[in-house]
Amino acid sequence: MSWSPWFHARPVARGVWLVAEPGHVNSWLVAGRDRAVLVDSGLGIAPIRPVVEALTDRPVDVVHTHAHLDHVGGDAEFSRVAIHPAGVAELTAGASAAERRRYLAHTRRMLAAADAYRALDRDFLHLLSADSDPRPLPPGVDETTWAPGPAPTPDLLADGDVVDLGGRELRVLHTPGHSPDSVCFLDERAGLLFAGDTVNTGPTYAQAPEADLPAFAASTARLAELDVHLVLMAHFGRAVAEGAYLREVADAFARLLAGGVDGPVLRPARDCDADPVREAVFDACSIYVPADE
């Protein structure tokens with residue numbers, strides 16, 4: 001299901017929908033008997049609430065995996081949001097015009113390259129889908145017109161908390177590493193993990209000043225011990241992975257942290273802000289670390 005020009009949504013499991021801003025970020029709508037939650041509210045470039053209300057008739061609140069601008073932009077459309085205490089200050093402050101400007105510059109670079117990638121994909125790879133094919137920016141969007149409203153005063157999420165939706169529960173797992181406030185949400189009964197930016201199938205971002213590599217390794221090791229059927233992620237071309245992928249990511253972080261002769265290849269790269277980083281490359285995934293590390 002597509003909401004032109006920006007959103008694409010589809011069911012992934014019973015009572016679970018991917019709500020994608022293709023090429024940018026994924027939110028996840030999870031419905032129980034009594035209520036629903038939207039795991040992250042996206043960029044706020046276009047209204048997300050009409051998409052959500054077309055998918056469920058349950059009342060919907062927002063729960064956050066962390067406070068980065070591409071995960072919290074739709075908060076002003078909802079009356080209740082929740083986040084880990086370590087993310088409250090960033091959520092309350094909101095993203096600066098400079099942050100939005102950097103993100104839009106990345107978007108324009110991606111869109112400029114998209115036609116060439118589509119041609120290669122059509123001829124050889126066949127990987128693009130409606131989940132991932134980048135949508136053009138809506139007309140008139142810049143760092144001044146894209147200015148998400150303030151979030152409501154957030155409720156707080158702590159490790160071990162349970163979000164009860166009626167017949168369905170999401171357990172909060174504090175997974176610092178990408179950011180101090182990062183959490184995942186575990187639906188134990190269905191075997192679903194909503195991973196935020198703690199797990200991705202593109203490069204995992206561990207290069208920012210707020211990132212913590214040892215904490216990241218510990219968090220991914222914790223996730224690898226879970227009995228999970230599907231991992232539901234926030235970025236890049238593959239939004240859904242098998243549960244076994246958690247072990248591959250945890251092993252990658254362990255090798256990176258250990259270093260030595262068994263450590264990964266590190267190659268120069270640039271992140272979405274065009275800042276130089278080094279990319280630790282593994283068979284199943286990669287990890288960005290600071291350029292000078």
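The values are calculated or read from the model by the stated rules, or taken from the named source; none is laboratory data. This one's a predicted model, so the numbers in the text were calculated from it and none came from an experiment. Cβ: placed from backbone, ideal geometry, glycine included. Neighbour counts: every protein chain shown. Surface areas here come from the heavy atoms of the whole protein model, side chains and all, with no ligands, DNA or RNA. Shrake-Rupley method; radii C 1.70, N 1.55, O 1.52, S 1.80 Å.
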#### Entry: Of the trypsin sites (Lys or Arg not before Pro) in region 1-62, those whose Cβ has at most 12 other Cβ within 10 Å and which sit in DSSP loop
14, 33
### Query
Which percent of the accessible area of the chain is formed by carbon and sulfur heavy atoms (probe 1.4 angstrom)?
55 percent
### Message
Through the Karplus equation 6.51 cos²θ - 1.76 cosθ + 1.60, θ set to phi - 60°, convert the phi angles of region 57-71 into ³J(HN,Hα) values in whole Hz; use x for Gly and Pro.
### Response
9, 6, x, 10, 10, 10, 10, 10, 7, 4, 9, 5, 4, 7, 10
### Task
With an 8 Å cut-off on Cα pairs and a minimum separation of 6 or more residues, tell me the relative contact order of the chain in percent.
15 percent
### Message
Distance between the C-alpha centers of region 19-80 and region 94-161? Whole Å please.
### Response
15 Å
### Task
Before anything else, pin down the relative contact order of region 196-237: Cα pairs under 8 Å, at least 6 apart, normalised by residue count, whole percent.
65 percent
### Query
Which shape class applies to region 120-160: rounded if a/c is under 1.5, otherwise prolate when a/b exceeds b/c and oblate if not, where a ≥ b ≥ c are the square roots of the Cα gyration tensor eigenvalues?
oblate
### Message
Can you classify region 57-171 as rounded, prolate or oblate using the Cα gyration tensor, where a ≥ b ≥ c are the square roots of its eigenvalues, rounded means a/c under 1.5, and otherwise it's prolate if a/b beats b/c and oblate if not?
### Response
oblate
### Task
Kindly write out, for region 262-272 in residue order, the coupling ³J(HN,Hα) from the Karplus curve 6.51 cos²θ - 1.76 cosθ + 1.60 (θ = phi - 60°), rounded to whole Hz, with x marking Gly and Pro.
8, x, x, 5, 10, 10, x, 7, 9, 8, 5
### Query
Radius of gyration and Dmax for region 51-116's Cα atoms, expressed in Å?
15.1, 43
### Task
Based on a Kirkwood Rh over C-alpha pairs, give the Stokes-Einstein translational diffusion coefficient of the chain at 20 °C and viscosity 1.002 mPa s in µm²/s.
111 µm²/s
### Task
Rounded to whole Hz and in sequence order, give me ³J(HN,Hα) for region 15-29 from the Karplus expression 6.51 cos²θ - 1.76 cosθ + 1.60, θ = phi - 60°, writing x for Gly and Pro.
x, 10, 10, 6, 10, 9, 9, x, x, 10, 7, 10, 9, 9, 9
### Query
Residues of region 78-118: accessible area per residue at 1.4 Å, in Å²?
54 Å²
### Task
Report, please, the projected area of region 235-293 averaged over directions, based on the convex hull of its C-alpha atoms, in nm².
4.6 nm²
### Task
Would you please give the residues with an amide H less than 5 Å from that of residue 155, counting only those at least 5 places away or on a separate chain, with H modeled from the backbone geometry?
81, 82, 83
### Summary
Checked region 118-200 with the C-alpha gyration tensor, a ≥ b ≥ c its square-rooted eigenvalues, rounded below a/c of 1.5, otherwise prolate if a/b is larger than b/c and oblate if not; verdict oblate
## Note on the structure
Residues meeting the amide H criterion for residue 198 (H placed from the backbone, H to H distance under 5 Å, 5 or more places apart or on another chain) are none
### Summary
With Rg from the Cα atoms and Rh as the Kirkwood inverse mean 1/r over Cα pairs, region 187-293 has an Rg/Rh of 0.96
### Summary
Amide H neighbours of residue 39 at under 5 Å, excluding residues fewer than 5 places away on the same chain, with H built from the backbone geometry, are 28, 29, 30, 63
### Task
Could you state the accessible area per residue of region 135-244 in Å², with a 1.4 Å probe and every protein chain left in place?
40 Å²
